[in-house]
Structures are given as structure tokens and as C-alpha cells.
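Here's the structure, in C-alpha cells; my notes come after.
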Amino acid sequence: MGDSEVRLVGSGGFSEREVAGIAVLLRGLVADGAALGWVEPPTAAEIRELLDGLVADIPGGEAAAAIAVTYTAGGDTGEEISGFGYWRRYRRPTHRPHADLEKLAVDPARQGAGLGRSLLSALIAAALDRQVEMLTLDLRGDNTRAAALYEKLGFHRYGRLANFVAVGAARYDTLLYALDLRELRGDVTRQPPG
């Protein structure tokens, strides 16, 4: 199966090989029905736009991205992107202290090997480092494996929107999760009553 590593993407951005690997990963997952926000596999241009936007936001702490790379053979030819995830800060001024985990994706052939956990842990560490107070996410209600991962790493479900996601005629619930990073840092301040 090969060794894997997870790394945060720096301000230098993604290499062309990484962009191509992320495109293959995301397109394949969506084609197989993964709940990543697209009904049809995203085009290369959509993925490029997404990644360029992330790279622009990384230096200012507005976003963080992580990739999982699996080495299947010696040299560069055996390196493939086996996972990808990112968060972005909310744009609204009143929500700026917080960020939303928008995507977390792992190659199905590599699931169960701890890559999702490693990606999520790296993104949580980046959020802590950038003083994010609350990390939120939502996921499709039938994605029980992802929900279990989030809960293992401390996320708490705070809501459910019934039949919110539409994929053709099918409807799915959206589950809403949050991780209060202030609690992890020990700097929770309470609002005074009334």
C-alpha cells in the first residue's frame, strides 16, 4: 500500500503535480457519489480556481490546506495524492474569529489507514496556531463514517437540517458540527448574563 505523509500547504501553494492529483482525487470521489458539494465531478478549471483561492488566503491565516501523499514506489513517479482537506475563515466580520472545514477527502483505497484522522489533526493544529476560536463543518447525514471521525476528534453535533441536501430526487439531512478550540487552549470566556 505504501507509506503516507500528511503535510500542510505553505504560502508557496500547490505544485502542478499536486493540483493534478487533487483533481483526480476529487473528480473520482464525486463520480462515485461522495458528498463533497458537487453533483457532477468538478472541472479542472473549478479545482484550479478553488486551489488558487486557498493559496491566496493561506499567508494571512485566512485558510489552511493539507494534503496526504502516499508513496507507492521509489522516486517521484510513485507519489500520489491520497487525501486533501481545508478550512477557511468566515468572511462576515462578526464571524471572523471562526473557520469552516469545507472539505475533507480521502481516496477510498486508503480509507481506514488513518489518513482522514491525520489530515483533520493537521488542520485542527493549523486552526489552533492561527487563533481560530471555533471550527465548524457540515456533512451529509448518510456519511456516518465521517461523522464518527469528527466526533472522535472532539467535534460536537449541534444541529440537523432535515432533507436539506438535494441530489436529483434524493434528499439527505445535513449534520452541523463544531469544535470549540478555545476549550482546547483553555481560554474560554463566558458572556455575562443579561
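The values are calculated or read from the model by the stated rules, or taken from the named source; none is laboratory data. None of these values were measured; they are calculated from a predicted model. Cβ coordinates were reconstructed from backbone atoms using ideal geometry, including for glycine residues, and neighbour counts include every protein chain displayed. We work out accessible area using only protein heavy atoms, side chains counted, and drop any ligands, DNA or RNA first. Shrake-Rupley method; radii C 1.70, N 1.55, O 1.52, S 1.80 Å.
Can you compute the charge dipole magnitude of the range 91-156 about its Cα centre, using +1 on each Lys and Arg Cβ and -1 on each Asp and Glu Cβ, nothing else charged? Give it in debye, rounded to the nearest 20. Mind showing how you got there, number by number?
Numbers: 10 positive and 8 negative charges, 19 e Å.
With only Lys, Arg, Asp and Glu charged at Cβ, the dipole is about 80 debye.
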Summed over the other residues with a beta carbon less than 15 angstrom from that of Ser4, with K and R at +1 and D and E at -1, the charge totals -3
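If you take the Cα Rg of the range 1-62 and divide it by 2.2 N^0.38 Å, with N the number of residues, what do you get?
Details: Rg = 12.9 Å, N = 62, 2.2 N^0.38 = 10.6 Å.
This ratio for the range 1-62 stands at 1.22.
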With every protein chain in place, the accessible area of Phe84 for a 1.4 Å probe, in Å² rounded to the nearest 10, comes to 0 Å²
Reviewing [x] 27, 21, 16; [y] 28, 23, 13; [z] 24, 21, 16, the figure for semi-axes √(5λ) of the Cα gyration tensor in Å actually calculated from this model sits under [x]
Mean separation of Cα contacts under 8 Å (at least 6 apart) over the residue count of the range 35-98, i.e. the relative contact order in percent, is 22 percent
Note, the range 83-93: 3J(HN,Hα) by Karplus (6.51, -1.76, 1.60, θ = phi - 60°), whole Hz, Gly/Pro = x, goes x, 7, x, 7, 10, 9, 5, 5, 7, 5, x
Whole-Å distance linking the alpha carbon centroid of the range 62-112 with that of the range 118-191 is 15 Å
Taking trypsin sites (Lys or Arg not before Pro) as exposed when in a DSSP loop with at most 14 other Cβ atoms inside 10 Å, the chain has its longest clean stretch at 92-189
Comparing Gly112, Gly168, Gly13 in a Gaussian network model of the chain (Cα, 10 Å), the one with the largest mean-square fluctuation is Gly168
So, over other residues within a Cβ distance under 14 Å of Ala105, counting Lys, Arg +1 and Asp, Glu -1, the net charge is +1
Taking 0.36 nm per residue of separation between Leu128 and Asp3 and subtracting their Cα-Cα distance, the length gained on full extension comes to 42.3 nm
Ordering Tyr172, Tyr177 by the accessible surface of their heavy atoms, 1.4 Å probe, largest first, yields Tyr172, Tyr177
